[in-house]
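Taking it in order: structure first as structure tokens, then the write-up.
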Amino acid sequence: INIYYQDKHKNPDILNYTDKNAVISELKVNAFKNETITLEKVVSIYTSKEDDNEYPLSTAKREVMEAASFDELLKESEKEWKKIWDKIDVKINGDRIAQKLLRLHLYHLIVSMSPHNSTIDASATARGLHGEAYRGHIFWDELFIQPFYNLYLPETAKSMLMYRYRRLDKAREYAKEHGFEGAMFPWQSGSDGREETQIVHLNPLSGEWGDDYSSLQRHVSLAIAYNIWHYYNTTSDIKFLNEYGAEMFLEIARFWASKAEFQASSGRFSIAKVMGPDEFHEKYPDTDHGGIKDNAYTNIMASWVFTKSFEILKVISKKAKENVLAKIDLTEQELEFWKQISDKLNIIVSDKGIISQYDGYFDLLELDWEAYRKKYGNIYRMDRILKAEGKSADDYKVAKQADTLMTFYNLPEKQVSDILTGMSYKLPKDYLKRNLEYYLQRTSHGSTLSRVVHAQLANMIGDLDLSWDLYVDALTSDFNDIQGGTTGEGIHPGVMAGTIMIAINTFAGVDFRNDVLSINPGLPEHWESIDFSISFKQVRYEFKINKKQIRVKTTNKSKKPVSINVKNQKVSLEPGKILKHNY
């Protein structure tokens, strides 16, 4: 640490010490009126976890001693930041608040996970590197975060998946410990991949401790599988899929197959003792054990995983297929069993086409929402309010966040419909609208992620006003700390990445979940235009979209034309040339 005065340089008295939560440097300097004092601090960080470093402290000290001047380091930092901003920036005309907050979110994502820390054996935590909430553990929030990195910083996205791969054996142990096969990843993962989820939880409203069953959110494994496939689909990194991704994906599928049980009474397979994304429902009323049965989100996504497993086995090289089948001892008989499960998973659907959140959900009590709003105002955490009143959210049709509806956030509507019809379920044409309206009336949005999901779905059914209102809530959630104190414990990278992706895939209308990129814009009424770039299948696309025109330019190393779907029309794009499409 150096202190610089206007006219001279003096070494200050520095006292370095630690307390329970921090390393502190205390400096004593002579300060005079009207004199500028500049503090420069250069830090080098190494850990003993790095494979190539046995002596992190001495290495860090040496690097600090040999470091260039502060001004030179600043120039290097500015240069690296410029490279990143040139890739990730999203420019909005007509909405200064949205522009400011999207850039705020971009900045905090890069601070939390960037190309410059992606060599570290870690992933994106649920609260970034900004606070102590969740103790730095890694949850399913990667589902919302990784698509951003797939499009902009694929090497960083890969490092997030490699964090999971290095803990695959731990996930296998966790599955075996609970009597299952394959890989069961923990709800809260830490340094070595063991389950870190708490088993008791404090209700700050009542001051009482209660059982916590949230580790039963086995759907975290579905999020990892989803990210494996979409990383490959976006980047075309077949080497990753051959060497790591396929093994991980197939072991996740194996876990779900071992968890599914055939029910002779229904002729279908059932998956019990799980929790869906809605954390308000941990168990059935009047039971002393956690978990519910046949959560719709879980079962639909499990079916998707089984189907994608066969696609992955077709995509990877012949040698890679032979290696992975031998390594994990996966037989044709087992694969055939997966097909049977995929087509016959149990989902409860009402006569009106409402997909039950889980088996038994329709039997729960309705809540007097208006009465609770009048009484408490902020009802985001209805679970805590009900517990403080001696009641339980498990007894009511009340959700913390989108659960059944999460499926439509992950997958195109047609894909969800194909999965359900493939299971022989019949649904009305407007079933998405019916389900959105049904569950929105019963959701408190206790998670900021909930608004991201509902904003996209509202847009899908054409309710643009509702979509925008929910999007604004999500966009401002950390900036305004709408949950009342949580931002101080760490920002929410999941919702930050989600708001960026909604701007790109919902408002700009760029869908990158299929083999071919498609675009169908629907800008908010007051947005004049949006400009951004993405990389898809090793081709860089530059988009400029306003209310009347789509402009697309590609940079393609192979210099071959690429096809995209523009407003449902297939168009060929020549590298370096600008496509203009009026609509």
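The values are calculated or read from the model by the stated rules, or taken from the named source; none is laboratory data. The model shown is predicted, which means the values in this text are computed figures rather than measured ones. Every residue, glycine as well, gets a Cβ built from its backbone with ideal geometry; the counts of neighbours run over all protein chains shown. Remember, those area values only see protein heavy atoms, side chains included, never the ligands or the DNA or RNA. Shrake-Rupley method; radii C 1.70, N 1.55, O 1.52, S 1.80 Å.
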Practice prompt. Name the residues whose placed amide hydrogens come within less than 5 Å of the amide hydrogen of residue 518, ignoring near sequence neighbours (fewer than 5 apart) on the same chain.
Written response: 511, 565
Worksheet item: When the helix-only estimate is applied to the chain (DSSP H runs of n ≥ 4, each -39,500 (n - 2.57), divided by the residue count), what is the mean residue ellipticity at 222 nm, nearest 500 deg cm²/dmol?
Response: -12000 deg cm²/dmol
Worksheet item: Which value in nm describes the separation of the simple spin-label points at residue 548 and residue 365, placed 7 Å from the Cα toward the beta carbon?
Response: 5.9
Practice prompt. Straight distance only, please: which aspartates and glutamates reach the Cα of residue 560 with their own Cα at less than 18 Å, same-chain residues fewer than 8 apart left out?
Written response: 515, 542, 574
Fill in: Placed amide H near residue 345: partners under 5 Å, 5+ positions off or other chain
269
Worksheet, complete the sentence: Placing +1 on each Lys and Arg Cβ and -1 on each Asp and Glu Cβ in region 63-110, then taking the dipole about the Cα centre, the residue among 108, 90, 73 whose Cα reaches farthest towards the positive end is 90
Discussion item. For the chain, take the longest principal axis of its alpha carbons; what is the angle in degrees between that and the long axis of helix 168-177, to the nearest 10 within 0 to 90?
Written reply: 50
Worksheet, complete the sentence: Residue-ordered couplings for region 242-253, obtained by feeding phi - 60° into the Karplus form 6.51 cos²θ - 1.76 cosθ + 1.60 and rounding to whole Hz (Gly and Pro as x), are 4, 8, 9, x, 4, 4, 5, 4, 5, 6, 5, 4
Item to complete: Using the charge dipole of region 427-484 (Lys, Arg: +1 at Cβ; Asp, Glu: -1 at Cβ; taken about the Cα centre), state which of 466, 427, 438 has its Cα farthest towards the positive end.
Response: 427
Worksheet item: For Rg and Dmax of the Cα atoms in Å, which listed value, (1) 25.5, 88; (2) 55.3, 200; (3) 24.4, 83, comes from the coordinates shown?
Response: (1)
Worksheet, complete the sentence: With a 1.4 angstrom probe the carbon and sulfur portion of accessible area for region 364-459, in percent, totals 50
Item to complete: Work out, step by step, the length gained on full extension between residue 89 and residue 514: first 0.36 nm times the residue separation, then minus their alpha carbon distance; give nm to one decimal.
Response: 150.6 nm
Worksheet item: Given a Förster radius of 56 Å and the C-beta distance between residue 120 and residue 351 as r, what FRET efficiency does 1/(1 + (r/R0)^6) yield to the nearest 0.05?
Response: 0.60
Worksheet item: So how far apart, in nm, are the two label points at residue 45 and residue 314 if each is 7 Å from Cα heading toward Cβ?
Response: 4.4
Discussion item. Quick check: from the Cα gyration tensor, does region 161-275 come out rounded (a/c under 1.5), prolate or oblate?
Written reply: oblate
Discussion item. Between 0 and 90 degrees, rounded to the nearest ten: what's the tilt of helix 70-88 against the longest Cα principal axis of the chain?
Written reply: 30
Worksheet entry | Where the chain is the region considered: accessible area per residue in Å², 1.4 Å probe | 48
Item to complete: Using a 1.4 angstrom probe on heavy atoms only, work out the carbon and sulfur share of the accessible area of region 260-335 in %.
Response: 49
Discussion item. Checking the a/c ratio against 1.5 first, then a/b against b/c, what shape does the Cα gyration tensor give for region 269-399?
Written reply: prolate
Discussion item. Which lysines, if any, have their Cα less than 24 Å from the Cα of residue 339, not counting same-chain residues under 8 positions apart?
Written reply: 176, 259, 273, 293, 308, 314, 318, 319, 321, 327, 414, 426
Worksheet item: From the Cα gyration tensor of region 400-550, with a ≥ b ≥ c the square roots of its eigenvalues, which class applies: rounded if a/c is under 1.5, or else prolate if a/b is larger than b/c, or else oblate?
Response: oblate
Worksheet, complete the sentence: Excluding residues fewer than 8 positions from residue 28 in its own chain, the lysines with Cα under 19 Å of it are 8, 10, 41
Worksheet item: Roughly speaking, to the nearest percent, how much of region 148-252's 1.4 Å accessible area is carbon and sulfur?
Response: 50
Discussion item. Whole angstrom only: what separates the Cα centroid of region 157-216 from the Cα centroid of region 547-568?
Written reply: 42
Worksheet item: Helix 220-235 versus the longest principal axis of the chain: what angle, 0 to 90°, nearest 10, using Cα atoms?
Response: 70
Worksheet entry | Contour excess over end-to-end distance, with Cα ends at residue 67 and residue 326 and 0.36 nm allotted per residue | 88.3 nm
Item to complete: For a label point 7 Å from the Cα of residue 437 along Cα→C-beta, name the residues of region 358-379 whose backbone N is under 20 Å from it.
Response: 362, 366-367, 369-370
Practice prompt. Averaging sequence separations of C-alpha pairs under 8 Å and six or more residues apart, then dividing by the length of region 168-242, give the relative contact order as a whole percent.
Written response: 20
